[in-house]
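Q: This is the structure, below, for whatever I ask next.
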Amino acid sequence: IEGADGHSMRAVLDRVDLDRTVFHVITRAGESVETLSAFLVLRDRLLSELGAVEYVRHILLTTDADAGPLRQIVNDEGLHATDFPAGVAWHQAASCATHLLGALLVDIDVGGFLAGVRAMDA
């Protein structure tokens with residue numbers, strides 16, 4: 001839900017099967033209004049439709065390892081989480097493992113993508 005807002009998130013949630021969907025929330029610091037808004041809309045819908053125990057199985061959160069509002073929610077609610085890679089600028093993040101996970105899950109040729117990144121870097 002990177003960069004999404006609450007309104008956009010509601011539109012997505014109206015179209016997907018929540019029982020069969022896992023959401024990967026990616027935010028370096030977890031402090032932008034758009035990301036927090038979208039996450040809270042997502043969390044509210046999952047809680048109301050799946051319940052407090054089941055909803056955690058439908059969210060993977062990638063954010064700062066130590067601080068921020070979403071890291072606090074991870075710690076408080078036991079969400080599955082990975083750490084946003086330290087030292088990676090936001091504009092470089094598309095080629096790091098955090099973002100490539102989603103590409104792998106939908107069968108994108110990650111090797112080809114990374115070869116293109118290397119070629120552009122050269």
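Q: Whole-Hz ³J(HN,Hα) for each residue in segment 116-122, computed from phi via Karplus 6.51 cos²θ - 1.76 cosθ + 1.60 with θ = phi - 60°, x for glycine and proline: what do you get?
A: Residue by residue, segment 116-122 yields x, 4, 4, 5, 5, 5, 5 Hz.
Q: Whole-Hz Karplus ³J(HN,Hα) for segment 43-55, in order, using 6.51 cos²θ - 1.76 cosθ + 1.60 and θ = phi - 60°, x for Gly and Pro?
A: Here the 3J(HN,Hα) series is 4, 4, 5, 5, 4, 6, 9, 10, x, 5, 7, 6, 4 Hz.
Q: Moving on. Summarise the accessible area of segment 1-71 (1.4 Å probe, protein heavy atoms) by the percent that is carbon and sulfur.
A: 48
Q: Continuing with this model, one more query. Quick one: net charge around ASP19, please, counting Lys, Arg +1 and Asp, Glu -1 for every other residue with C-beta under 13 Å from its C-beta.
A: Working: positive: ARG20, ARG45, ARG57; negative: ASP17, GLU49, GLU54.
For residues surrounding ASP19, the net value is 0.
The values are calculated or read from the model by the stated rules, or taken from the named source; none is laboratory data. Since the model is a prediction, treat every value here as computed from it, not as a measurement. Neighbour counts are summed over all protein chains in view; Cβ atoms, including those assigned to glycine, are modelled from backbone coordinates with ideal geometry. Heavy atoms of the whole protein, side chains included, go into the accessibility calculation; ligands, DNA and RNA do not. Shrake-Rupley method; radii C 1.70, N 1.55, O 1.52, S 1.80 Å.
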